[in-house]
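Written out below as structure tokens is the structure these notes cover.
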Amino acid sequence: MATARGLRPLLTLSRCSRGRGGAPGAPGSRALAGVAPGASQVDNSSGFLGRRPHRRHPGVLQLPCVRVPPVLAAAARALLLESSLPGVEAQVPALRNYLWSRRVPVEPEELQRRARRLEERLLEDADVPPAEERLRQAVLQTLRRTTYHWQELTYNERLSLVYMAARLDGGFAAVSRAFHEIRTRVPKFQPQTLMDFGSGTGSVTWAAHSAWGQSLREYMCVDSSAAMLDLAEKLLRGGSASGEPHVPGVFFRQFLPVSPKVQFDVVVSAFSLSELPSKADRTETIQTLWRKTGHFLILVENGTKAGHCLLMDARDLVLKGKEKSPLDPRPGFVFAPCPHELPCPQLAASKPLACSFSQAYHCIPFSWNKKKQKEEKFSMVILARGRPEEAPRWPRLTQPVLKRPRHVHCHLCCPDGHMQHAVITARQHGRDLYRCARVSSWGDLLPVITPSESELPPSPAEPPEGR
């Protein structure tokens, strides 16, 4: 199995040139780190153009429509049928919508700041200062109406079954896409141990077994709900409590191990950070998960702005964290999706957007599932042990490619930490780069390199914004 420092020879995607060492936003850095007409060209350092067509260029990371293993789908249907839950057809979409719109709870300090601002505003607008009690009631009523009311979900046996019916296939699809990113870019990486924090129904275990079943020998599933752990174990045993597990080496526990002595090759937290009650709990959990990480830490949340912000906070905590494990002093870098360790340009825009991705999957054939296929929209961040120089730095497509006659529109997150809307044509950028861009999809890497600044052809002054 590869060591942490051995990630360099394992990466199959070739390195693209980085932006100059100046600060993000320096003159010329946006174009040089992205796609510059007349200068950028396809990165063929691996020689892929001589062996395979453009539609299979090394930046293609799209995963075909995934399907839950048949034995898992059959076990889920059997358990739901056996339970005879009343009204489950209505409860499943209700829970799915509730989880999608879920946000993190407001911190007490933020609530106090909002209350003070409301009080000052009410005092400014009033001709006659209201009585203290009336002012307090007005502030409380406004806060109740405008503040998100977060509630902790307690997963008993009934709610665990509803969650399984609502999220088993979608969660499996999102995590499968994250595993596919690692498998495609580091094909020689063969993990032996995995820990899943907030394991729920065990979809991460099944997805990891589908990806690395030949090498994984230990799966540690951690979830605070005993009912959810029981359900996950029944699913592993084909829907019964006494059958043989279809995935060997799976262990369950209710509490997160905090000792840094034992690390796992892959650590996953899928749709779990948003269930923690405070920022302090999230900080402590992320630090613990990073200490337990031997190679890759995979964090997945809803593809909403709230989910994306949650992941960016976790990303910054790991990258800027001053706490170093005495047993593993290696730093961390962003393996995916960001091609940089700079602040997210999606959140720095005038209208912040979520950096999200989409994965198609075949629905489990429950009676209420009228559609055979659906799309799971999610946000993810994959952090790796080592140095950022060990990772390729190609721009990533953050939206679907818009194909037009003789040109394509690509929205790229570039290595210099900026977003770029590139209009790529064969005439300006070359036939190979144009064809690679045309066959690329949302979430792929665009294999493009840009010469150094001294090698760029002279260009006229940059036109003003908006032209």
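Tabulated values for the structure
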{"item": "Mean Cβ neighbour count within 10 Å, used as a protection proxy, ranking 245-255, 163-173, 438-448 highest first", "result": "163-173, 438-448, 245-255"}
{"item": "Amide H contacts of N302 (H built 1.01 Å from N, under 5 Å, at least 5 apart or other chain)", "result": "S379"}
{"item": "Residue-averaged [θ]222 nm for the chain, counting only DSSP H segments that reach four residues, each worth -39500 (n - 2.57)", "result": "-11000 deg cm²/dmol"}
{"item": "Over the chain - Rg/Rh using Cα atoms and the Kirkwood inverse-distance radius", "result": "1.00"}
{"item": "Computed lengthening from L159 to R113, 0.36 nm per intervening residue step minus Cα-Cα distance", "result": "13.0 nm"}
{"item": "Per-peptide average of other Cβ atoms within 10 Å, ordering 43-51, 232-240 highest first", "result": "232-240, 43-51"}
{"item": "S199 long-range amide H proximity, modeled H, under 5 Å", "result": "V222, D223"}
{"item": "Of all accessible heavy-atom area on the chain, the percent that carbon and sulfur account for (1.4 Å)", "result": "52 percent"}
{"item": "Listed residue (S225, V262, Q62) projecting farthest to the positive dipole end of the chain, Cβ model", "result": "Q62"}
{"item": "Restricting region 351-411 to chymotrypsin sites (Phe, Trp or Tyr not before Pro) in coil, as DSSP defines it, with at most 12 other Cβ within 10 Å", "result": "W368"}
{"item": "Equivalent-ellipsoid semi-axes of region 142-190, from the Cα gyration tensor, Å, largest first", "result": "35, 19, 9"}
{"item": "Cα gyration tensor shape of region 44-168, rounded if a/c is under 1.5, else prolate or oblate by comparing a/b with b/c", "result": "oblate"}
{"item": "D (Stokes-Einstein, µm²/s), Kirkwood Cα radius, region 126-262, 1.306 mPa s at 10 °C", "result": "89 µm²/s"}
{"item": "Gyration tensor (alpha-carbon) shape descriptor, region 299-445, a/c threshold 1.5", "result": "oblate"}
{"item": "Distance between region 346-385 and region 79-118 - C-alpha centres, whole angstrom", "result": "18 Å"}
{"item": "Region 340-432: trypsin sites (Lys or Arg not before Pro) in DSSP coil with no more than 13 other Cβ atoms inside 10 Å", "result": "K370, K371, K372, R406"}
{"item": "Cα-centre dipole for the chain with unit charges at Cβ (Lys and Arg positive, Asp and Glu negative), debye to 20", "result": "1720 debye"}
{"item": "GluC sites (Glu not before Pro) lying in DSSP loop within region 72-161, provided at most 13 other Cβ fall within 10 Å", "result": "E152"}
{"item": "Region 355-432: C-alpha gyration tensor shape, a/c 1.5 cut-off, then a/b vs b/c", "result": "oblate"}
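The values are calculated or read from the model by the stated rules, or taken from the named source; none is laboratory data. In this text, all values refer to a predicted model and were calculated from it rather than measured experimentally. Please note: Cβ atoms are built from the backbone with ideal geometry, for glycine as well, and neighbour counts cover all protein chains shown. Ligands, DNA and RNA are stripped out before the accessible areas are found, and what is left, the full protein with its side chains, is counted by its heavy atoms. Shrake-Rupley method; radii C 1.70, N 1.55, O 1.52, S 1.80 Å.
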